[in-house]
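Trainee: Below you will find the structure I want to go over with you.
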Amino acid sequence: MKETIFDVHAHYDDPKFDEDREEVLLSLKEKGVGYIINAGTDISTSQTTVEYCDRYDFMYGAVGIHPENADNLPNEYLSVIEEMTKHKKIVAIGEIGLDYYWDSVPRDVQKKVFQEQLILAEKLQMPVVIHDRDAHGDTMEILRQYRPKGIMHCFSGSVELCKEIVKLGMSISLGGVVTFKNARHSVEVAKYIPLDRLMLETDAPYLSPVPFRGKRCDSSLIRFTAEKIAEIKAVSLDDLLKITRENAFKMFGITP
Ligand code: NI
């Protein structure tokens, strides 16, 4: 029997798929993938995300400005994003947040654009998809202030931080990192996180799970991440896929 995988975070607009995107996407259903949320990272990839929603029945989208692209935005960027959310398969604002690892955009600019998009999400009553890389303190401070509904994507923090996020009412999506040998944090988080707050993602084309680590990732590889988490949670693979899929339906207002 084929499982139905819901990948809540992928980037099929990435140039790494330029050569065979259509082929890869059309092969996924057969491999048990039922739902994908493609995450925009700027105006152009958000627009591409909208196009994918039209072209592929299994595709949904998040539109927004990633912190690395928060510089030199057009004045009307918020209304451009708002316009895109009118598409019925655009289900979230994302990915948005803070990135102090690359630190390629001044932090005050990152914070401003993050906050503006949180306000937009609240106005539209849409969930958010949060990117937080090496910026846990400021990200949490802003989340405590705005209290959005949504998910922390590719969560990389400690169990303590995970507890705080759960307390705020948010969910967490885990990806291939949980299968890495040095993934102590991720394994502890997977163990702690309540099943009703957990979702699965790839962040494709990045972060392939073992045994494909380092290779290009696609949504079908979620199986390996799911197997590892099912083992940690002592539930069956089918149950884990079902629970995380239903969590995603609920979070993003999708009727299967
Ligand atoms: Ni991403």
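Trainee: Structure shown: which of Lys88/Lys191; Lys123/Lys191; Lys123/Lys233; Lys31/Lys191; Lys111/Lys181 lie over 31 Å apart, alpha-carbon to alpha-carbon? Display every interim value, and only then the final one.
Mentor: Working: Lys88/Lys191 35 Å; Lys123/Lys191 34 Å; Lys123/Lys233 36 Å; Lys31/Lys191 27 Å; Lys111/Lys181 33 Å.
Beyond 31 Å: Lys88/Lys191; Lys123/Lys191; Lys123/Lys233; Lys111/Lys181.
Trainee: On full extension of the chain, what length is gained from Asp196 through Asp18, given 0.36 nm per residue of separation minus the C-alpha to C-alpha distance? Display every interim value, and only then the final one.
Mentor: Working: separation 178, 0.36 × 178 = 64.08 nm, distance 3.57 nm.
My answer for the length gained is 60.5 nm.
Trainee: Sum up the charges of everything whose Cβ sits under 13 Å from the Cβ of Lys16, counting Lys and Arg as +1 and Asp and Glu as -1, but leave Lys16 out. Let's see the in-between values first.
Mentor: Values: positive: Arg21, Lys215, Arg216; negative: Asp13, Asp14, Asp18, Glu19, Asp20, Asp203, Asp218.
After counting each charged neighbour, the total is -4.
Trainee: Full extension from Tyr101 to Lys29: what is 0.36 nm times the residue separation minus their Cα-Cα distance, to one decimal in nm?
Mentor: Numbers: separation 72, 0.36 × 72 = 25.92 nm, distance 3.50 nm.
Working it through step by step, the gained length comes to 22.4 nm.
Trainee: Name the residues whose placed amide hydrogens come within less than 5 Å of the amide hydrogen of Ile5, ignoring near sequence neighbours (fewer than 5 apart) on the same chain.
Mentor: Val33, Gly34, Tyr35
Trainee: Using Cα-Cα distances under 8 Å and only pairs 6 or more residues apart, what relative contact order does the chain have, in percent?
Mentor: Working: 510 pairs, mean separation 47.4, N = 256.
This gives 19 percent for the chain.
Trainee: Report the relative contact order of region 125-234, percent, no decimals, based on alpha-carbon pairs under 8 angstrom and at least 6 residues apart.
Mentor: Numbers: 171 pairs, mean separation 24.1, N = 110.
Reported relative contact order: 22 percent.
Trainee: Looking at the chain from every direction and averaging, what is the projected area of its Cα convex hull in nm²? Mind dumping the intermediate values first?
Mentor: Numbers: hull surface 50.0 nm².
Over every viewing direction, the Cα hull of the chain projects on average to 12.5 nm².
Trainee: Residue farthest toward the positive end of the dipole of the chain, with Cβ of Lys/Arg at +1 and Asp/Glu at -1: which of Thr85, Gln115, Val8?
Mentor: Val8
Trainee: Now for a separate question. In terms of Cα to Cα distance under 12 Å, which aspartates and glutamates are near enough to Lys16, apart from those fewer than 8 places away along the same chain?
Mentor: Correct list for Lys16: Asp218.
Trainee: Per-residue ellipticity at 222 nm for the chain, helices alone: DSSP H runs ≥ 4 residues times -39500 (n - 2.57), over residue total, nearest 500 deg cm²/dmol?
Mentor: Details: 9 runs with 104 residues, N = 256.
So the helix-based figure for the chain works out to -12500 deg cm²/dmol.
Trainee: Given charges of +1 on the Cβ of Lys and Arg and -1 on the Cβ of Asp and Glu, with all other atoms neutral, how large is the dipole of region 138-232 about its Cα centre, in debye to the nearest 20?
Mentor: Dipole size: approximately 100 debye.
Trainee: How much net charge surrounds Glu76 when only the other residues with a Cβ under 11 Å from the Cβ of Glu76 are counted, with Lys and Arg +1 and Asp and Glu -1? Intermediate results must be reported in sequence, preceding the final value.
Mentor: Working: positive: none; negative: Glu82, Glu83.
Net charge around Glu76: -2.
Trainee: Then there's this: Using the crude model of +1 on Lys and Arg Cβ and -1 on Asp and Glu Cβ, and no other charge, please compute the dipole size for region 5-252 relative to its Cα centre, in debye to 20. Could the numbers behind the result be given before it?
Mentor: On the way: 31 positive and 40 negative charges, 197 e Å.
The dipole of region 5-252 has a size of about 940 debye.
Trainee: Next question. Which net charge results when you count Lys and Arg as +1 and Asp and Glu as -1 among the other residues whose beta-carbon is under 14 Å from that of Thr255? Let's see the in-between values first.
Mentor: Values: positive: Lys88, Lys89, Arg245, Lys250; negative: Asp57, Glu246.
Net charge around Thr255: +2.
Throughout, read-outs are computed from the coordinates displayed, never taken from laboratory work. From a predicted model like this one, the values you see are computed outputs, not experimental measurements. Because the Cβ atoms are built from the backbone with ideal geometry, glycine has one as well, and the counts that use them run over all protein chains shown.
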